[in-house]
Amino acid sequence: MDPRDERSPRASATTGSRGPDAGHGWWPYLAPYLVFMALGVLGERLPEQTAPFLLFLKPAAVLATVIAFRLRGAYPEWRGEGARIGWMGGLQDVLVGLALTAVWVAPYLAFPSLRPAPGGEFDPAMAGARWTTLILGLRLFGYALVTPIFEELFIRSFVMRIADVYDRADFRDQPLARYTPLSMLVTTVVFTLGHVPWEWWVCVPWIVLSNLWFYRRRSLSAIMLVHGVTNAALLALAVFGEGWLTDASGEPMGFWFFV
């Protein structure tokens, strides 16, 4: 049976109720991303003193958007098999996330010239030294929890499925985590372009390798965990790893530019 056929048992399992999305169904995936981008643009135009507030507002607004759509019946693919992790699978996801952290960091250790110019790094003391722990907690909330949720819904659930059937079928009738050369290419390009150019060197191997893991796990929650572990590990390196590693030129490396 053709897996693109909406009568396919597996495709039907991911479709479920259309909920509020009787039309094209794009908004539950696009809206959180648009909220994230809009608040990012707004933050660039507001005084620096508002940065701590935006550090909370930006992820909170995005998460609220996701929750609002989910409560209205969106993301049926993020239930049942698509939400299952399991203890053993979760442990494997954590290990994969840590391995992908190494993939993200290694090129900048080996080739220091790939790193961005100094300036613009995340400042945990942006609200004063006494608020550093709170600021780091807010950054962890946005970077390691909210970002993996909305980005994986967009990339792995929406982009990966719509790439193969854009004008021929409803993407919601397609199964999760089905490999095709086109969807692999499109997810790689879209994910990479969603990051700043100096990160492109590591975006490509990260998304390709995590796609391979997603094909094995077939669970949105699992790939969100992988993504969250990678981001949390990068933040931990920034907090605790200052000078711990030296780059190829022998200079101690800081990690705040990652977060």
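The table for this structure:
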read-out	value
The stretch 9-258: C-alpha pair distances exceeding 31 Å, %	26 percent
Karplus 3J(HN,Hα) series, Hz, for the stretch 53-68 with 6.51 cos²θ - 1.76 cosθ + 1.60 (x for Gly, Pro)	5, 5, 4, 8, 4, 4, x, 5, 5, 5, 5, 4, 5, 4, 4, 4
Difference of contour (0.36 nm per residue) and Cα-Cα distance, Phe240 to Asp123	40.7 nm
For the stretch 165-221: rounded, prolate or oblate by the Cα gyration tensor [a/c cutoff 1.5]	oblate
Whole-number percent relative contact order across the stretch 9-258, with pairs defined as alpha carbons under 8 Å at least 6 apart	28 percent
Under Karplus coefficients 6.51, -1.76 and 1.60, residue-wise ³J(HN,Hα) of the stretch 96-106 in Hz, glycine/proline x	5, x, 5, 4, 6, 5, 4, 4, 6, 8, 3
Semi-axes of the equivalent ellipsoid for the stretch 75-191, Cα gyration tensor, largest first, Å	32, 20, 16
Student exercise, the stretch 9-258 dipole from Lys, Arg, Asp, Glu Cβ charges, in Debye to nearest 20	840 debye
Among 90-96, 245-251, the order from most to least packed when residues are scored by Cβ within 10 Å on average	90-96, 245-251
Listed residue (Ala236, Leu140, Ala83) projecting farthest to the positive dipole end of the chain, Cβ model	Ala83
Protection proxy ranking, peptides 153-166, 30-43, 62-75, average beta carbon neighbours within 10 Å, highest first	153-166, 62-75, 30-43
Degrees between helix 200-217 axis and first principal axis of the chain (Cα, 0 to 90, nearest 10)	40 degrees
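Bear in mind that the values in this text are calculations on the coordinates, not laboratory data. Since this is a predicted model, take the numbers as computed values, not measurements. With ideal geometry, Cβ positions are generated from the backbone for all residues, glycine too; neighbour counts draw on all protein chains shown.
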